[in-house]
Amino acid sequence: MNSEWLTHIQQAVAHGEQSASITAENPTGRRGAGGRESSMLGPGRKGRPCITLPAGETTELARIDGAGSIRHIWMTVTTHTDAVGFVLRDLVLRMYWDGSEIPGVEVPLGDFFCNGNGERALVTSDLVVVAPTGGMNAYFTMPFRDGARITIENQHPVDVEGLFYQVDFLRTADPATVTDLRFHASWRRENPTTIGQDFTILDTVHGQGAFLGTYLNIVALERYWYGEGEVKFFIDGDDQFPTICGTGTEDYFGGAWAFQDQLSADTEPNVLTFSAPYCGYPTHSTRDSSKQAVYATAMAPLHGMYRWHVQDPILFAEDLRVTVQQIGQVGPDIVERSDDVSAVAYWYQNPPATDRTPIASRNLRRPR
């Protein structure tokens with residue numbers, strides 16, 4: 001048994017922490033309150049495994065009083081309806097800590113789980129796992145001292161049926177044992193990006209904390225290789241130039257040489273997707289699977305990749321900004337380019353962010 005894990009469990013028991021879980025079968029998470037609804041099989045026999053999300057409304061999935069930490073979230077939902085739209089981009093996931101009215105997390109549901117552009121992809125990583133068929137798991141630790149709340153807003157044109165979910169958390173008797181750092185996640189998109197201007201993954205945040213990771217989604221709007229752009233971390237007052245500067249987009253996400261198997265000059269290179277504990281490139285697609293296309297199914301190439309800074313934390317004491325260049329390569333030349341780029345930034349900070357820009361409207365989020 002992992003000794004680190006066992007040490008944590010011993011500390012949790014010593015602090016009087018208690019395990020709890022919120023699902024459609026136990027929406028309050030109270031002791032002894034789960035599985036009471038009736039089905040055709042009788043009382044307590046899978047009576048309420050899922051819920052419907054009414055169009056245009058915000059549904060509260062979880063409300064937790066007191067102190068503790070969320071340790072795991074699992075969800076699955078239908079990705080297609082008869083209405084035009086992309087369910088995974090049309091549902092907005094929000095999380096609130098310690099009674100704040102400003103969400104610490106505000107991200108399209110699919111993108112939060114590294115499934116961008118309304119498309120499913122299998123992900124096998126340390127912090128996010130998306131399993132067949134559309135089982136979305138997040139293992140971020142999300143602490144709170146004075147309550148937590150999770151909501152989903154349905155901006156899809158019609159009701160979305162069949163949202164299954166589970167929020168696993170620990171209740172803590174002593175709020176003093178909870179860290180001051182709060183979990184955050186935000187989503188940004190530019191379509192198209194501006195030539196010569198770096199894409200902002202995380203706009204400047206103030207406080208102290210740690211950057212946890214990036215999910216980057218690129219729809220290539222120009223020909224040839226898109227990923228020469230360097231990822232930059234501007235830490236604690238960095239102005240024009242960053243403290244940490246990578247060497248290329250695929251390099252930052254753990255890959256190399258354009259994620260391709262360069263066989264020979266006469267052979268089409270194979271694009272090699274992969275999914276590993278701390279980095280991955282799970283999405284490469286040139287065919288539409290959204291069921292929105294009526295005639296043609298070919299489309300601009302989709303690329304999705306993630307990186308978790310678990311073993312290599314990015315720490316900041318005053319402020320942090322994260323960007324990536326939009327640079328490609330044509331022959332021997334590197335060139336500025338313009339693509340459809342979106343990203344999720346995941347980080348912890350204290351004090352919690354209070355100057356968040358609201359998420360873009362559904363029309364500006366939808367895949368084009």
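Residue 117 falls short on exactly one of the conditions (1) modelled with pLDDT of 95 or more; (2) in a loop (DSSP other than H, G, I, E, B); (3) under 18 Å from the mean Cα position of the chain (by Cα), and that condition is (1).
Identify all residues within region 112-160 that are of a type in the set (Asp, Glu) and closer than 14 Å to residue 213 by Cβ; write none if there are none.
Selection gives 126 alone.
Within region 191-209, residues that are under 19 Å from residue 219 (Cα atoms) and in contact (Cβ under 8 Å) with a residue 12 or more places away in the chain have Cβ atoms under 6 Å from residues that are among the hydrophobic types (A, V, I, L, M, F, W, C) and not in a strand (DSSP E or B) in these pairs: 192/221, counting only partners at least 6 apart in sequence or on another chain.
Inside region 259-281, can you point out the residues that are modelled with pLDDT of 90 or more, of a type in the set (A, V, I, L, M, F, W, C) and in contact with a Pro (Cβ under 8 Å, 6 or more places away or on another chain)? Correct list: 274 only.
Out of the residues in region 333-356 that are of a type in the set (Ser, Thr, Tyr) and more than 17 Å from the chain's Cα centre (by Cα), which is farthest from residue 181 (Cα to Cα)? Looking at residues that are of a type in the set (Ser, Thr, Tyr) and more than 17 Å from the chain's Cα centre (by Cα), I get 338.
Residue check: residue 139 meets all listed conditions (1) among the hydroxyl-bearing types (Ser, Thr, Tyr); (2) under 20 Å from residue 156 (Cβ atoms); (3) in contact (Cβ under 8 Å) with a residue 60 or more places away in the chain but one, namely (2). Can you find, within region 211-270, the residue that is surrounded by the fewest Cβ atoms within 10 Å (Cβ to Cβ) among those that are aromatic (Phe, Trp, Tyr), part of a helix (DSSP H, G or I) and touching a strand residue (DSSP E or B) at 6+ places or on another chain (Cβ under 8 Å)? Selected residue: 252.
Does any residue of region 122-139 turn out to be among the aromatic types (Phe, Trp, Tyr), out of contact with any helix residue (DSSP H, G or I) (no Cβ under 9 Å at 6 or more places or on another chain) and surrounded by 19 or more Cβ atoms within 10 Å (Cβ to Cβ)? No, there is no match, as no residue in region 122-139 is among the aromatic types (Phe, Trp, Tyr), out of contact with any helix residue (DSSP H, G or I) (no Cβ under 9 Å at 6 or more places or on another chain) and surrounded by 19 or more Cβ atoms within 10 Å (Cβ to Cβ). In summary, residue 160 fulfils each of the numbered conditions (1) closer than 24 Å to residue 276 by Cα; (2) of a type outside the set (Asp, Glu); (3) touching a residue at least 12 places away in the same chain (Cβ under 8 Å) with the single exception of condition (1). The set of residues in region 151-194 being surrounded by fewer than 18 Cβ atoms within 10 Å (Cβ to Cβ), of a type in the set (Gly, Ala, Ser) and either in contact with a helix residue (DSSP H, G or I) (Cβ under 8 Å, 6 or more places away or on another chain) or not in a strand (DSSP E or B) (or both) consists of 173, 176.
If the condition is being touching a Pro at 6+ places or on another chain (Cβ under 6 Å) and charged (D, E, K, R), then region 282-291 contributes no residue at all.
Looking across region 67-86, the residues that are surrounded by fewer than 23 Cβ atoms within 10 Å (Cβ to Cβ) and among the β-branched types (Val, Ile, Thr) come down to 76, 77, 78, 79, 81, 84.
Restricting attention to region 282-317, the residues being at pLDDT below 95, surrounded by 15 or more Cβ atoms within 10 Å (Cβ to Cβ) and among the charged types (D, E, K, R) number 1.
The values are calculated or read from the model by the stated rules, or taken from the named source; none is laboratory data. Quick caveat: nothing in here was measured; it's all calculated off a predicted structure. Backbone-built Cβ (ideal geometry, glycine too); neighbour counts: all protein chains shown.
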